[in-house]
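The values are calculated or read from the model by the stated rules, or taken from the named source; none is laboratory data. Owing to the predicted nature of the structure, the values given are computational and were not obtained by experimental measurement. Methodologically, a virtual Cβ is constructed for each residue, glycine included, from the backbone with ideal geometry; neighbour enumeration extends over all protein chains shown. Just the protein is used for accessible areas: all its heavy atoms, side chains included, with ligands, DNA and RNA removed. Shrake-Rupley method; radii C 1.70, N 1.55, O 1.52, S 1.80 Å.
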Amino acid sequence: DVKVTQSSRYLVKRTGEKVFLECVQDMDHENMFWYRQDPGLGLRLIYFSYDVKMKEKGDIPEGYSVSREKKERFSLILESASTNQTSMYLCATTSGMNTGELFFGEGSRLTVL
Amino acid sequence: AQRVTQPEKLLSVFKGAPVELKCNYSYSGSPELFWYVQYSRQRLQLLLRHISRESIKGFTADLNKGETSFHLKKPFAQEEDSAMYYCALSKSGGSYIPTFGRGTSLIVHP
């Protein structure tokens with residue numbers, strides 16, 4: 001079974017703090033994604049990566065950056081957290097074979113006060 | 001640009017009733033379509049994909065290219081079907097960047 005692990009399930013941060021959300025997968029998948037999940041808005045793609053040190057902007061990249069130094073790890077960074085970034089963040093992976101199925105982590109619920 | 005529309009935020013039915021969760025898409029090429037499900041306190045997971053043409057947990061979905069729809073159906077809803085359902089689209093071939101709908105919350109009452 002593919003395992004996608006998000007290290008922090010719940011975080012509470014203050015406005016202006018720097019936030020790191022980490023995602024690790026153990027199936028050697030090339031593609032990794034960060035989504036934001038909000039009620040009524042569904043899943044919105046923040047950033048994705050096809051390979052190590054490679055990143056592409058998704059639909060809502062503003063206020064976020066990412067890092068992929070190793071194939072298994074994809075980090076989402078909020079340089080200066082704001083209250084409108086309070087949300088559930090989902091990491092997902094899929095293989096480079098374009099199999100279609102995304103494998104998701106359990107999510108990181110971030111609250112910015 | 002590709003787009004997925006789920007017109008219903010909430011669908012509420014009684015156990016044993018038929019269920020249809022609607023999904024319409026906009027894409028000029030040949031799409032691959034999926035339904036994902038998220039049960040309470042669980043991670044989002046694939047329910048079914050159109051290329052498999054299979055029934056999972058009693059659910060089926062047929063791709064209708066003429067109507068650009070991929071509705072999810074089940075003839076008799078069960079309480080354990082209560083969950084959040086997302087329709088998703090990706091390009092067939094080429095780079096894989098999935099697009100999701102806004103989701104439909106299904107509540108099945110006893």
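Okay, here's what the table says:
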read-out	value
Cβ-derived FRET efficiency at R0 22 Å, A:L41 paired with B:S40, nearest 0.05	0.70
Descending semi-axes in Å of the stretch B:3-109, equivalent ellipsoid built from Cα gyration tensor	23, 14, 12
Euclidean distance of C-alpha centroids, the stretch A:35-112 and the stretch B:7-68, integer Å	23
Mean accessible surface per residue for the stretch B:3-109, computed with a 1.4 Å probe while every protein chain stays in place, in Å²	50
Computed magnitude of the charge dipole of the stretch A:4-112 (debye, nearest 20; Cβ of K, R +1, Cβ of D, E -1)	360
Carbon and sulfur %, accessible surface of the protein assembly as shown computed with the full protein complex present, 1.4 Å	49
Cβ charges +1 (Lys, Arg) and -1 (Asp, Glu), total dipole of chain B, debye	220
Other-chain or far-sequence residues with amide H under 5 Å of B:G103's (modelled H)	B:Q6, B:C87
Low-density loop cleavage sites - trypsin sites (Lys or Arg not before Pro) in the stretch B:1-56, where at most 10 other Cβ are within 10 Å (DSSP)	B:R41
Computed over chain A: relative contact order in percent, which uses C-alpha pairs under 8 Å that are six or more apart	36
Estimated vicinal HN-Hα couplings, Hz - the stretch A:62-77 in sequence order (Karplus 6.51, -1.76, 1.60; Gly, Pro = x)	4, x, 10, 9, 9, 9, 9, 8, 10, 4, 7, 10, 9, 10, 10, 10
Net charge of neighbours whose Cβ lies under 11 Å from the Cβ of A:N84, counting Lys and Arg as +1 and Asp and Glu as -1	-1
Amide H contacts of A:E106 (H built 1.01 Å from N, under 5 Å, at least 5 apart or other chain)	A:Q6
Accessible area buried, both sides summed, chains B and A with 1.4 Å probe, Å²	1800
Relative contact order, percent, chain B [alpha-carbon distance under 8 Å, six or more residues apart]	38
